[in-house]
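First the structure, in the form of structure tokens, and then the observations on it.
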Amino acid sequence: MKHLKEEFDKLTFKEFFAYMLSLACIASAIVAIFLSLYMPPQGEIHSSALTYFGISSAFAGSLIGISAHFSNQLVKFKAEVMAAIKEKDEEKQ
């Protein structure tokens, strides 16, 4: 659990905002599904509520996926730059 707190503390505002927005989006979609159970006709989930849930889940997934994709690309880019710097230093010596 300590590791998760350390990772959470490293997040930038943009990443924090994306994760919180995706969490709020999923929570509102779940609330919409449960509310549709209690609207007439009771016990039946309308197809529009299911469509809303699907779209909200896709949006939340894209927020998280885009964030993860670009952080992976940044790590790869940093590694390539550091390798190039080490290679240049070795050539000079």
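The values are calculated or read from the model by the stated rules, or taken from the named source; none is laboratory data. Bear in mind that the values here come from a model prediction, so they are computed numbers and not experimental data. Only protein heavy atoms, including side chains, enter the accessible area calculation; ligands, DNA and RNA are left aside. Shrake-Rupley method; radii C 1.70, N 1.55, O 1.52, S 1.80 Å.
Data for the structure
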| read-out | value |
| --- | --- |
| Å² of accessible area per residue within the chain, as computed with a 1.4 Å probe and no ligands counted | 84 Å² |
| Gaussian network model of the chain, springs between alpha carbon atoms under 10 Å - residue of SER47, SER56, SER36 with greatest fluctuation | SER47 |
| Carbon/sulfur fraction of accessible area - the chain, other protein chains in place, 1.4 Å, % | 70 percent |
| Karplus-derived HN-Hα couplings along the stretch 69-78 (A = 6.51, B = -1.76, C = 1.60, θ = phi - 60°), whole Hz, x at Gly and Pro | 4, 6, 5, 5, 4, 5, 4, 4, 5, 4 |
